[in-house]
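This report refers to the structure that appears directly beneath it.
The values are calculated or read from the model by the stated rules, or taken from the named source; none is laboratory data. Computed from a predicted model, the values in this text were never measured in an experiment. Every residue, glycine among them, receives a Cβ derived from its backbone with ideal geometry; neighbour counts consider all protein chains shown.
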Amino acid sequence: MSNNLIIINAHIVTPQGRTARKGEAMNELLNIPCGTVRVTDGIITYVGENRISHEKPGYKVLDARGNVLLPGFVDSHTHLVFGGFRPDEFIWRLNGDSYMSIMERGGGIINTVRATREASFEELKHKAEWFLDTMSRMGVTTVEGKSGYGLDRDTELKQLSVMQAVNECPDRKVDIATTFLGAHALPEEYKGRSDAYIDFLINEMLPMIHQKQLAENCDIFCEKGVFTVEQSRKLLKAAQALGFGAKLHADEIVSFGGAELAGELKALSADHLLQASDEA
């Protein structure tokens, strides 16, 4: 695929400026009814009115007349490689059951772990590609893809390898930023031994994933009944020492200190945060 592209006659709508927009500034849009975008060596080098020549050798030219051209959407938190489905749990939630009570009944993450362990590489890859194709049609160009539905050596590696394989497809429509979430929950094999599981992730999984270049980031579910702040700090500091970016699932169910830890570690992100304290 050529990295040189010229799009002409597009109705371009894009945010103003070169910094992140928030609040009312998100409504400040650059609106060009008939514009051109030029991409050279994969880098956007021109956005503006139809004033530049599009007769350039080595460039693919697309006529976007009648279409709107927008920046691609980024989905910053997905679990797109997994086995099975859990539609019955939506009914439980609608009936008022808490997330933790569903987990205690064998639902939630552990339910999907069983299905993901049983699924083949090709089954997981086909399913992930279907999701990405659907997301692409909605304008998504980049996703973060988390593992975390294996909770053992082989299945975590299988999930990350699926994402690596999809990323290496030359005709892929969506880029995946991969995150190792081996600490998504405590697997049944380690019941009552959460410290030992964290040590397993640090001593065996992180070095292997780093060597194979299977993930960019490391995440953990820092939550009451899952992993403690101290366990989260230990895992993420070990990950950062290897060059991984740090991310957290934090303070979703109770205010637990996960958001404060994210600030302490200068994490890339902290997600959920439904019960984060004002200080956090």
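Before moving on, here are some points about what is shown:
- Tabulated pairs, the range 90-115, first surrounded by 12 or more Cβ atoms within 10 Å (Cβ to Cβ), second outside any helix (DSSP H, G or I) and of a type in the set (V, I, T), C-beta under 6 angstrom, 6+ apart or interchain: none
- Residue list for the range 105-115, restricted to those being assigned to a loop (DSSP other than H, G, I, E, B) and on the phi < 0 side of the Ramachandran plot: R105, G107
Residues checked against (1) part of a strand (DSSP E or B); (2) at pLDDT below 95; (3) among the small types (G, A, S):
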site: I12; (1), (2), (3): yes, no, no
site: R18; (1), (2), (3): no, yes, no
site: E24; (1), (2), (3): no, yes, no
site: R38; (1), (2), (3): yes, yes, no
site: T45; (1), (2), (3): yes, yes, no
site: S53; (1), (2), (3): no, yes, yes
site: K56; (1), (2), (3): no, yes, no
site: V61; (1), (2), (3): yes, yes, no
site: P71; (1), (2), (3): no, yes, no
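- Of residues in the range 257-274 being part of a loop (DSSP other than H, G, I, E, B) and not charged (D, E, K, R), the one surrounded by the fewest Cβ atoms within 10 Å (Cβ to Cβ): L274
- Those residues of the range 243-261 which are closer than 21 Å to T78 by Cα and in contact (Cβ under 8 Å) with a residue 24 or more places away in the chain, in sequence order: F244, G245, A246, K247, L248, H249, A250, D251, E252, I253, G258
- Residues considered: I202, I198. Of these, the only one that is over 22 Å from D251 (Cα atoms) and hydrophobic (A, V, I, L, M, F, W, C) is I202.
- The listed residue being assigned by TED's automatic domain parsing to the domain that holds F131 and surrounded by fewer than 18 Cβ atoms within 10 Å (Cβ to Cβ), out of Y197, Y190: Y190
- Residue that is nearest to T36 (Cα to Cα), among those in the range 73-85 that are assigned to a loop (DSSP other than H, G, I, E, B) and touching a residue at least 40 places away in the same chain (Cβ under 8 Å): L80
- Hits in the range 116-125 - residues which are assigned to a helix (DSSP H, G or I) and exposed (fewer than 12 other Cβ atoms within 10 Å of the Cβ): E118, E122
- The single condition among (1) more than 21 Å from V113 (Cβ to Cβ); (2) surrounded by 22 or more Cβ atoms within 10 Å (Cβ to Cβ) that Y149 does not satisfy is (1).
- Number of residues in the range 140-175 that are polar (S, T, N, Q) and closer than 14 Å to V74 by Cα: the value is 2.
Each row is one residue, and each column tells you yes or no for (1) assigned by TED's automatic domain parsing to the domain that holds I12; (2) of a type in the set (K, R).
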residue	(1), (2)
I44	yes, no
E49	yes, no
G58	yes, no
V61	yes, no
R65	yes, yes
T78	no, no
R86	no, yes
F90	no, no
L94	no, no
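- Single match in A215, A250, A241, A246 (criterion: of a type in the set (A, V, I, L, M) and surrounded by fewer than 17 Cβ atoms within 10 Å (Cβ to Cβ)): A241
- Of the residues T142, T134, the single one that is in contact with a strand residue (DSSP E or B) (Cβ under 6 Å, 6 or more places away or on another chain) and surrounded by fewer than 16 Cβ atoms within 10 Å (Cβ to Cβ) is T142.
- All helices (runs of 4 or more DSSP H) inside the range 134-242 with 1 or more residues being touching a residue at least 60 places away in the same chain (Cβ under 8 Å) and in contact with a Gly (Cβ under 7 Å, 6 or more places away or on another chain): 153-167
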